[in-house]
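Working notes for the structure below.
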């Protein structure tokens, strides 16, 4: 049995319980092959809550089902209920917004009416509301909008009506659209946000069954209907019936959007396909009247669209990717290569290379990491970002709330920020990455603040309080000296006791201790025996074989960060997993390692100091 299998053994019931909740809420069935992914993400959530055993989390889940189930859906589903899903539909609305406004005005009205059918927990409704609030005033400030959301599940409708979501969900929204629309909760709901009246005044919700809604929607017409990713649950004859009912609630000029994977082409419907899963009433051309010499037909009045049209996207967006992780660069290239509207024209591993690439390649947009050698992302922006520079979207392991990293990057010119996902799920975050790049490019000419009001409410400085009650362990070798020196140079303020474990190198640890003592700003001690206590702001060097077991036994119950430089031996890796409540960070070195499968995070060593400190700063 592998190390990963041993570690997942106690999580079988938890995985089954969590998967069942997610399937019930979202319809997303998590299969057996995804069990390790479920375990890894739930384990990270348990660490956030300070829970160590699966049974503890199940008990917590039972007591906090309503709030926690939403967090689980956010953690474990990326292709179901989330904000700005299938963004190309929003792009289509934006491109046609001027004409939609003209069509509404031609009817003598001043409100664009939209129906979000099967709206689940309301993310699509609020996405549309944020989107229109940003672009509609730029086309016609006098035009209003209203969005009606419906779903068969009354509980989902309640969530939408309440407009409260976990902070994690909101982070996927492009920052321009967040604006000042969300407020942070207080007390027990301080990790949640609530939609303000600027959004809620323009939306409404109601439970509806798509197979039987005619009696509740008499006389209502909509300019846009979104009914996406729900037809997969219906039979063809049911879809045909639902669509005919929808068509009765559409004007001749209205648009209907289904899910990208849901084609309506094979059904007996009077519709025309005008875009990817976008439909209108079939246009029947009138027969031209016979021309006579005695009379002329009056010309049909033409309603012109407003002058203010949205700028268009290029057919291909040229991207420069900047990151010191070759794994992340490879995955980013994979994300963009799967979409013909993107082309990676170059990659760079630090800010110095990035500056040269911008001058040489003239990219349309750039992704930028923060923690990199030679020149980090914030320093790059402060030195090189100016008018005419391509928009920059940060993709970093730093928390978006960190005032010394993320917020500084945004205030230095970056358009948006994406918290870098773990290597095992970055591909699933591809849609968010592509959406934010498109929005940053589309809106480059609009002078807007890229730091939303809710981001300011969450902004904080990372400080490890009560450092003497926490613990840090490092697995390393003498050959990692430069990496170790860099790691400690990135730490600030008071730090918890730190033990560095070495395998088979105890005969030279004394010399290494003297070398490190001259280089580090923290006190360095060599351990021959188990000490009576460990002091904060002190680095201890220890032989793994001799002292790992007693040190682990005494300190594993503390909030602990465990970092692995390089590749651990099989024996050491198995022993490390006994420190089972630690936040395990493994170096991304493109070498197969069992620890990488179960690590909380796999990142370059340039991110070690930040990620360890961020975790230890939490209570």
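Only one of 123, 99 is touching a residue at least 12 places away in the same chain (Cβ under 8 Å) and buried (at least 22 other Cβ atoms within 10 Å of the Cβ). Can you tell me which?
One residue alone meets the criteria, 123.
On the given criteria, is residue 149 more than 29 Å from residue 234 (Cα to Cα), outside any helix (DSSP H, G or I) and at pLDDT 95 or above?
On the way: more than 29 Å from residue 234 (Cα to Cα): no; outside any helix (DSSP H, G or I): yes; at pLDDT 95 or above: yes.
In short, no.
Please verify whether residue 47 is in contact with a helix residue (DSSP H, G or I) (Cβ under 6 Å, 6 or more places away or on another chain) and either part of a helix (DSSP H, G or I) or within 22 Å of residue 191 (Cα to Cα) (or both), treating the condition exactly as stated.
no
Assess whether residue 414 counts as being at pLDDT 95 or above, assigned by TED's automatic domain parsing to the domain that holds residue 321, in contact with a strand residue (DSSP E or B) (Cβ under 9 Å, 6 or more places away or on another chain) and more than 30 Å from residue 557 (Cβ to Cβ).
So residue 414 passes the test.
Restricting attention to region 165-188, and to residues there that are without any contact (Cβ under 8 Å) to a residue 24 or more places away in the chain and in a loop (DSSP other than H, G, I, E, B), which single residue is surrounded by the fewest Cβ atoms within 10 Å (Cβ to Cβ)?
Only one residue tops the list, namely 186.
Could you tell me which residue of region 442-483 is farthest from residue 543 (Cα to Cα), considering only residues that are crowded, with 21+ Cβ neighbours inside 10 Å and touching a strand residue (DSSP E or B) at 6+ places or on another chain (Cβ under 6 Å)?
It comes out as 454.
Out of everything in region 493-503 that is surrounded by fewer than 17 Cβ atoms within 10 Å (Cβ to Cβ) and in contact (Cβ under 8 Å) with a residue 40 or more places away in the chain, what residue ends up being farthest from residue 587 (Cα to Cα)?
Selected residue: 494.
Just one of (1) touching a residue at least 40 places away in the same chain (Cβ under 8 Å); (2) closer than 17 Å to residue 113 by Cβ; (3) part of a strand (DSSP E or B) trips up residue 256, so point out which.
Result: residue 256 passes all but (1).
Take residue 204 and tell me if it is surrounded by fewer than 15 Cβ atoms within 10 Å (Cβ to Cβ), assigned to a strand (DSSP E or B) and over 26 Å from the mean Cα position of the chain (by Cα).
Spelling it out, residue 204 is indeed surrounded by fewer than 15 Cβ atoms within 10 Å (Cβ to Cβ), assigned to a strand (DSSP E or B) and over 26 Å from the mean Cα position of the chain (by Cα).
Can you tell me which residue among 136, 128 is free of Cβ contacts under 8 Å to residues at least 60 places away in the same chain, in a helix (DSSP H, G or I) and more than 30 Å from residue 48 (Cβ to Cβ)?
136
Could you look through region 152-164, keep only residues that are outside any helix (DSSP H, G or I) and at pLDDT 90 or above, and pick out the one that is surrounded by the fewest Cβ atoms within 10 Å (Cβ to Cβ)? Before the answer, list the steps.
Within region 152-164, the subset outside any helix (DSSP H, G or I) is 152-153, 163-164.
Now narrow it down to the ones that are at pLDDT 90 or above: 163-164.
Numbers: 163: 22, 164: 18.
This residue is 164.
Any idea which of 92, 57 is at pLDDT 80 or above and buried (at least 21 other Cβ atoms within 10 Å of the Cβ)?
Values: 92 fails: buried (at least 21 other Cβ atoms within 10 Å of the Cβ).
None of the other options fit; the residue is 57.
Any residue that is in contact with a strand residue (DSSP E or B) (Cβ under 9 Å, 6 or more places away or on another chain), part of a loop (DSSP other than H, G, I, E, B) and either under 17 Å from residue 503 (Cα atoms) or not assigned by TED's automatic domain parsing to the domain that holds residue 492 (or both) - is there at least one of those in region 556-566?
Checked against the condition, which is being in contact with a strand residue (DSSP E or B) (Cβ under 9 Å, 6 or more places away or on another chain), part of a loop (DSSP other than H, G, I, E, B) and either under 17 Å from residue 503 (Cα atoms) or not assigned by TED's automatic domain parsing to the domain that holds residue 492 (or both), region 556-566 yields at least one hit.
The values are calculated or read from the model by the stated rules, or taken from the named source; none is laboratory data. Small disclaimer: the values here were computed from a predicted structure and weren't measured. Neighbour counts run over all protein chains shown; Cβ positions are idealised from the backbone, glycine included.
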